[in-house]
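The values are calculated or read from the model by the stated rules, or taken from the named source; none is laboratory data. Values in this document were obtained by computation on a predicted structure and should not be read as measured data. Don't worry about glycine lacking a Cβ; one is built from the backbone with ideal geometry, like all the others, and counts go over all protein chains shown. Note: accessible area is taken over every heavy atom of the protein model, side chains too, but ligands, DNA and RNA are not part of it. Shrake-Rupley method; radii C 1.70, N 1.55, O 1.52, S 1.80 Å.
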Amino acid sequence: MKIRVLCVGKPRDETLRLLHDRYADRIAKMGVRYESAWVPELPDTGRSSREELLRREAQGLLERLKERGTVVALHAGGKQLTSEE
(Lines give C-alpha, C1' and ligand atoms only; values in the text may rest on other atoms or scores of the structure.)
Protein backbone atom coordinates (compact mmCIF):
# COMPACT_ATOMS: atom_id res chain seq x y z
CA MET A 1 0.00 0.00 0.00
CA LYS A 2 1.13 3.53 -0.67
CA ILE A 3 -0.24 6.72 0.81
CA ARG A 4 0.46 10.00 -0.93
CA VAL A 5 -0.57 13.24 0.77
CA LEU A 6 -0.85 16.42 -1.28
CA CYS A 7 -1.24 19.70 0.57
CA VAL A 8 -1.50 23.36 -0.25
CA GLY A 9 1.32 25.12 1.57
CA LYS A 10 3.80 23.62 4.01
CA PRO A 11 2.89 23.62 7.70
CA ARG A 12 4.05 26.83 9.36
CA ASP A 13 3.61 25.44 12.85
CA GLU A 14 6.63 23.41 14.00
CA THR A 15 4.36 21.15 16.07
CA LEU A 16 2.34 20.21 13.00
CA ARG A 17 5.50 19.47 11.02
CA LEU A 18 6.76 17.21 13.81
CA LEU A 19 3.39 15.40 13.96
CA HIS A 20 3.55 14.87 10.20
CA ASP A 21 7.05 13.44 10.41
CA ARG A 22 6.06 11.18 13.32
CA TYR A 23 3.07 9.86 11.33
CA ALA A 24 5.29 9.18 8.32
CA ASP A 25 7.76 7.25 10.49
CA ARG A 26 5.03 5.22 12.20
CA ILE A 27 3.32 4.05 9.03
CA ALA A 28 6.66 3.28 7.38
CA LYS A 29 7.31 0.81 10.21
CA MET A 30 4.04 -0.92 9.25
CA GLY A 31 5.28 -1.42 5.68
CA VAL A 32 3.22 1.39 4.14
CA ARG A 33 5.01 3.49 1.58
CA TYR A 34 4.39 7.16 2.26
CA GLU A 35 5.02 10.28 0.24
CA SER A 36 4.03 13.88 0.79
CA ALA A 37 4.14 16.85 -1.54
CA TRP A 38 3.12 20.45 -1.32
CA VAL A 39 1.89 22.96 -3.84
CA PRO A 40 2.59 26.61 -3.08
CA GLU A 41 -0.04 28.52 -1.17
CA LEU A 42 -0.71 31.54 -3.33
CA PRO A 43 -0.59 34.90 -1.54
CA ASP A 44 -3.63 37.15 -1.64
CA THR A 45 -2.19 40.23 -3.30
CA GLY A 46 -5.59 41.68 -4.17
CA ARG A 47 -5.03 41.21 -7.91
CA SER A 48 -7.03 37.98 -8.06
CA SER A 49 -10.25 36.97 -6.35
CA ARG A 50 -10.13 34.39 -3.55
CA GLU A 51 -12.00 32.00 -5.86
CA GLU A 52 -9.32 32.41 -8.54
CA LEU A 53 -6.53 31.73 -6.02
CA LEU A 54 -8.32 28.58 -4.83
CA ARG A 55 -8.86 27.46 -8.43
CA ARG A 56 -5.14 27.86 -9.18
CA GLU A 57 -4.15 25.99 -6.01
CA ALA A 58 -6.60 23.21 -6.89
CA GLN A 59 -5.10 23.01 -10.38
CA GLY A 60 -1.68 22.53 -8.79
CA LEU A 61 -3.03 19.62 -6.76
CA LEU A 62 -4.73 18.05 -9.77
CA GLU A 63 -1.50 18.20 -11.78
CA ARG A 64 0.24 16.12 -9.10
CA LEU A 65 -2.40 13.39 -8.88
CA LYS A 66 -1.47 9.98 -10.18
CA GLU A 67 -3.62 8.16 -12.73
CA ARG A 68 -4.44 5.33 -10.33
CA GLY A 69 -5.65 5.30 -6.78
CA THR A 70 -8.38 6.64 -4.59
CA VAL A 71 -8.59 10.37 -3.99
CA VAL A 72 -9.77 11.59 -0.60
CA ALA A 73 -10.18 15.35 -0.18
CA LEU A 74 -10.10 16.82 3.30
CA HIS A 75 -11.49 20.21 4.26
CA ALA A 76 -11.63 21.85 7.68
CA GLY A 77 -15.35 22.51 7.20
CA GLY A 78 -16.10 19.05 5.84
CA LYS A 79 -18.24 16.28 7.33
CA GLN A 80 -16.45 13.96 9.74
CA LEU A 81 -16.79 10.28 8.82
CA THR A 82 -16.42 7.16 10.92
CA SER A 83 -13.80 4.52 10.10
CA GLU A 84 -16.47 2.38 8.46
CA GLU A 85 -17.71 5.24 6.28
Among the residues of segment 72-80, is there at least one that is assigned to a loop (DSSP other than H, G, I, E, B) and at positive phi? no
Does segment 5-38 hold any residues that are surrounded by 13 or more Cβ atoms within 10 Å (Cβ to Cβ) and in a helix (DSSP H, G or I), and which are they? 20, 23, 24, 27
One residue is enough: does segment 40-54 have a residue meeting the conditions closer than 20 Å to residue 72 by Cβ and surrounded by fewer than 14 Cβ atoms within 10 Å (Cβ to Cβ)? yes
The correct count of residues that are under 13 Å from residue 6 (Cβ atoms) and in a helix (DSSP H, G or I) in segment 39-64 is 7
Just give me the residues in segment 14-40 being of a type in the set (Asp, Glu) and modelled with pLDDT of 90 or more, in sequence order. 14, 21, 25
Test residue 64 against the stated conditions and say whether it is within 28 Å of residue 18 (Cβ to Cβ), in contact (Cβ under 8 Å) with a residue 12 or more places away in the chain, open to solvent by 100 Å² or more (accessible area, probe 1.4 Å) and not aliphatic (A, V, I, L, M). no
